[in-house]
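Below you'll find the structure, written out as structure tokens, and then a few comments.
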2 protein chains.
Amino acid sequence: MDHTSSWDDRALLLLGVLMNQSQHGYQINDFIERALCEVATMKKPTAYALLDRLAAARHISVHSEQEGNRPPRKVYSITDSGREVFTRLLRENLATFDAPTFAGDIGLMFLTYLPLPEAIAALKERLARIEALLDTTVRVPPHPNLSIDLAFDHLTALRRADRDWLRDTIRELEKRQMTTGANAQA
Amino acid sequence: MDHTSSWDDRALLLLGVLMNQSQHGYQINDFIERALCEVATMKKPTAYALLDRLAAARHISVHSEQEGNRPPRKVYSITDSGREVFTRLLRENLATFDAPTFAGDIGLMFLTYLPLPEAIAALKERLARIEALLDTTVRVPPHPNLSIDLAFDHLTALRRADRDWLRDTIRELEKRQMTTGANAQA
DNA sequence: ACGTGATTAGTCAAGTCTGACTATAATGGG
DNA sequence: CCCATTATAGTCAGACTTGACTAATCACGT
């Protein structure tokens, strides 16, 4: 529901992974989907397509490698030009804040179309989900080269803020419910 | 960079706008791009395409209207079936929390690849942008039927959390910079 | 000895979203 | 009276993403 020139972010992600070490496609995809899944998402077809484009632009180099009888695999390495692009994209990304929008806010806008008790019940369910997420998500272990934990920290801070806001809001709505209830009775 | 079945959210948005009142395409698009732009984004082609689909599914009805010599305009109204769908989608949206990812976190993961002073400088720029956003964004005035202000409140709370986290983090990084600097001098 | 699952490398169709474009009519400023 | 802007209604190509699929090899448990 929100998109900058998403190419930059994707490219930054791939180049960053390759800054860490040269890898072949499977490894790259695996790393992103396992180690980074909390912080970033990129699916296989997207990764392969983008790797092709980065290779065409000479920002990464490819060389085939065979191990035993296995299907050959392509090892991608970042090039000097790639390192330059990476640094530029990184600096840009760090210096930028592009205000995101949240799917959950759409519901909030139309809250008034639901009877207040039902709205409160639904929001309580949302709250429970955030709390569950905060409780169960395991702290990511520090990576030797990457500051994944920093990004994870950021994510956690935002989720806590989400939780706190929601708690306050529910309390507020319940207060309103009581007063209108009292008015209705009077 | 993040997507649930985005259809649901889009449909909820359009149906919600039509719950407020029957409108023609231009009005719908205008309302979304002006009044709701802080909270939700949907571009014209998406809106028109989705309106067609909602009409095909009989969740909204269309009737043409001519005013003077102007090009005829199509007025869309929500139907009973549309109201049902709307209520279901609304309840779902309110009860759901689908953990978003943020483009800005990608940079955070790779922070270590930039010399610490440069990273700090870049993050300070990011901070300045968030602060500017928080300072300049005008409080949305309450809408008679919609709780846009509630959604806006949520957004603001998250941005403040973002700002606070960033301030702390920059302070932390500066502390680290000083100690490593002292070590280097010693 | 056999099947299951992981490793490796992709591809394809289908759907989504956006930017840029075309047209006409009314309206308001100078 | 003319021009720029707004109102109005769309369309289209192109880019981006995803889910689902194919293939082959190897490691491992039973």
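The values are calculated or read from the model by the stated rules, or taken from the named source; none is laboratory data. Model, not experiment: these values are computed from the prediction. Neighbour counts run over all protein chains shown; Cβ positions are idealised from the backbone, glycine included. Side chains are part of the model used for accessible areas, which takes the heavy atoms of the whole protein and leaves out ligands, DNA and RNA. Shrake-Rupley method; radii C 1.70, N 1.55, O 1.52, S 1.80 Å.
When you scan region A:91-105, do you find a residue that is in contact with a Leu (Cβ under 7 Å, 6 or more places away or on another chain) and either within 16 Å of DNA strand D (Cβ to nearest atom) or over 22 Å from A:A11 (Cβ atoms) (or both), even just one? Within region A:91-105, one or more residues are in contact with a Leu (Cβ under 7 Å, 6 or more places away or on another chain) and either within 16 Å of DNA strand D (Cβ to nearest atom) or over 22 Å from A:A11 (Cβ atoms) (or both). Just one of (1) within 14 Å of chain A (Cβ to nearest Cβ); (2) within 14 Å of DNA strand D (Cβ to nearest atom); (3) hydrophobic (A, V, I, L, M, F, W, C) fails for B:F86. It is (2).
Just so you know, in region A:131-159 the residues that are hydrophobic (A, V, I, L, M, F, W, C) and in a loop (DSSP other than H, G, I, E, B) include one that is most open to solvent (accessible area, probe 1.4 Å), and it is A:V138.
Among helices (runs of 4 or more DSSP H) entirely within region B:1-120, having at least 2 residues that are surrounded by fewer than 16 Cβ atoms within 10 Å (Cβ to Cβ) singles out B:6-20, B:25-34, B:44-56, B:80-95.
Checked against (1) away from chain B (no Cβ under 14 Å); (2) of a type outside the set (K, R); (3) within 13 Å of DNA strand D (Cβ to nearest atom), A:E33 passes all but condition (1). Please work out if A:E125 is of a type in the set (D, E), touching a helix residue (DSSP H, G or I) at 6+ places or on another chain (Cβ under 8 Å), within 17 Å of B:D98 (Cβ to Cβ) and open to solvent by 70 Å² or more (accessible area, probe 1.4 Å). So A:E125 passes the test.
In the set (1) at positive phi; (2) at pLDDT 95 or above, the condition left unmet by A:G68 is number (2).
Output yes when any residue across region A:121-130 is assigned to a loop (DSSP other than H, G, I, E, B) and at pLDDT 95 or above, and no when none is. No, there is no match, as no residue in region A:121-130 is assigned to a loop (DSSP other than H, G, I, E, B) and at pLDDT 95 or above. When B:D8 is tested against the conditions (1) touching a strand residue (DSSP E or B) at 6+ places or on another chain (Cβ under 7 Å); (2) within 16 Å of DNA strand C (Cβ to nearest atom), the lone failure is (1). All told, A:V138 meets the bar of being more than 16 Å from DNA strand D (Cβ to nearest atom) and in the same structural domain as A:R159 (by TED's automatic domain parsing).
Take the conditions of a type in the set (A, V, I, L, M) and farther than 18 Å from B:D153 by Cβ and apply them to A:L150. Does it pass? Give the steps one after another, and end with the answer.
Working: of a type in the set (A, V, I, L, M): yes; farther than 18 Å from B:D153 by Cβ: yes.
Criteria met by A:L150.
Which of the residues that make up region B:14-27 are over 15 Å from the mean Cα position of the chain (by Cα) and more than 8 Å from DNA strand D (Cβ to nearest atom)? Matches in region B:14-27: B:L15, B:G16, B:V17, B:L18, B:M19, B:N20, B:Q21, B:S22, B:Q23.
Look at region A:49-62: where a residue is touching a residue at least 12 places away in the same chain (Cβ under 8 Å) and within 14 Å of chain B (Cβ to nearest Cβ) and a partner is within 16 Å of DNA strand D (Cβ to nearest atom) and not in a strand (DSSP E or B), sitting 6+ places away or on another chain with Cβ atoms under 9 Å, you get A:L50/A:W7; A:L50/A:R10; A:L50/A:A11; A:L50/A:L13; A:L50/A:L14; A:L50/A:M42.
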